[in-house]
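Only one structure is covered here, and it is reproduced in the block below.
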Amino acid sequence: MAELDGKIAVVTGGFRGIGLATAKQLAAAGARVAVLDLDEPEKTAAEKQLADGVGFLCDVCDVEQVRATVATIETELGGIDVLVNNAGVTRDSLLLRMKDEEWDLVLNVNLRGTFNMTRAVSKGMVKRRSGSIVNLASVVGVMGNAGQANYASAKAGVIGFTKAVAKELAPRGVRVNAVAPGFIDTQMTARLPGKARNMLMAQIPMGTLGQPEDVATVVRFLAGPAAGYVTGQVIVVDGGMVM
Ligand code: NAD
């Protein structure tokens with residue numbers, strides 16, 4: 001018997017990258033997984049990779065879409081046991097050149113989206129006095145990064161949110177943790193210019209980029225019963241970049 005047999009898991013931003021790798025890990029652990037994301041063509045491709053997984057088009061910034069999607073999942077699949085807030089975007093720019101839209105979008109998707117989803121899903125978890133929430137932060141939220149004032153603020157916000165909500169929901173049987181990846185090989189980092197990429201690589205003691213699976217296996221651990229006495233923590237997965 002696998003550790004998440006019979007459980008329902010939701011992964012936002014789950015059509016590709018770290019989200020899809022996480023959905024696959026949770027499915028391998030026995031969970032029925034719902035993946036939420038934006039693009040229709042990627043939905044079918046993601047569903048094909050997840051045995052009985054289901055894709056939903058849902059923008060985590062849109063409160064009404066979030067409410068409706070969570071209600072549909074609870075009706076069609078059952079009460080949600082695991083929520084992974086993974087949807088994220090970057091819009092890098094130096095502070096003096098940063099546009100309002102770049103600030104707003106990054107804060108909205110990474111932080112507001114995490115709030116929208118957590119509020120909607122935790123209601124059922126609290127009623128059932130059981131659940132596990134894992135938020136995707138970033139090492140950038142801990143150490144900062146030039147050109148990412150918006151993203152660093154959002155991810156530092158995710159860490160604060162994780163700890164506040166962990167304290168609030170611990171007495172109600174719900175654990176809340178975060179994973180802070182370093183430099184992982186996905187579409188998000190593929191668009192980094194060569195110079196920035198080389199500078200980042202030089203800071204990784206293990207000397208290689210992480211793979212989405214490196215993050216997904218840690219999310220799987222936090223989601224499941226092996227981490228049953230762990231809450232309010234941030235686990236860094238970065239090849240030794242931040243210590
Ligand atoms: P990615 O760009 O490959 O995937 C992100 C997914 O989120 C995409 O499928 C995208 O469509 C989806 N998404 C974006 N906006 C959304 C919205 N409003 N509603 C629903 N879905 C939305 O990125 P990734 O590298 O797989 O990143 C996954 C998470 O890990 C993000 O939160 C990211 O900030 C975090 N992270 C990534 C790295 C890295 O090096 N790749 C490092 C630290 C943290």
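The values are calculated or read from the model by the stated rules, or taken from the named source; none is laboratory data. Because the structure is predicted, anything quoted here is derived from the model rather than measured. Neighbour counts are summed over all protein chains in view; Cβ atoms, including those assigned to glycine, are modelled from backbone coordinates with ideal geometry. Protein only, heavy atoms only, side chains kept; ligands, DNA and RNA dropped before computing areas. Shrake-Rupley method; radii C 1.70, N 1.55, O 1.52, S 1.80 Å.
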Problem set entry | Residues (of a type in the set (A, V, I, L, M, F, W, C), under 15 Å from VAL60 (Cα atoms) and outside any helix (DSSP H, G or I)) located in the range 108-148 | LEU136
For this session: Kindly indicate whether THR69 is within 14 Å of the ligand (Cβ to nearest atom), touching a residue at least 40 places away in the same chain (Cβ under 8 Å) and of a type in the set (Ser, Thr, Tyr).
Result: no
Exercise. Does LEU136 satisfy the condition of being within 12 Å of the ligand (Cβ to nearest atom), closer than 30 Å to GLU3 by Cβ, in contact (Cβ under 8 Å) with a residue 40 or more places away in the chain and not aromatic (Phe, Trp, Tyr)?
Worked result: yes
Seminar exercise, completed: The residue from ALA227, ALA149 that alone is closer than 18 Å to LEU111 by Cα, among the small types (Gly, Ala, Ser) and out of contact with any Gly (no Cβ under 9 Å at 6 or more places or on another chain) is ALA149
Exercise. Is it the case that MET143 is touching a Ser or Thr at 6+ places or on another chain (Cβ under 7 Å), open to solvent by 40 Å² or more (accessible area, probe 1.4 Å) and not acidic (Asp, Glu)?
Worked result: no
For this session: Just give me the residues in the range 90-110 being within 9 Å of the ligand (Cβ to nearest atom) and either surrounded by fewer than 17 Cβ atoms within 10 Å (Cβ to Cβ) or not aliphatic (A, V, I, L, M) (or both), in sequence order.
Result: THR90, ASN108, ASN110
Problem set entry | Subset of the range 8-47 [under 18 Å from ASP59 (Cβ atoms) and more than 17 Å from the chain's Cα centre (by Cα)] | ASP39, GLU40, PRO41, GLU42, LYS43
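Let's see how each residue does on (1) at pLDDT 95 or above; (2) open to solvent by less than 10 Å² (accessible area, probe 1.4 Å); (3) charged (D, E, K, R):
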| position | (1), (2), (3) |
| --- | --- |
| LEU4 | yes, yes, no |
| ILE18 | yes, no, no |
| THR22 | yes, yes, no |
| ASP52 | no, no, yes |
| PHE56 | yes, no, no |
| ASP62 | yes, no, yes |
| VAL84 | yes, yes, no |
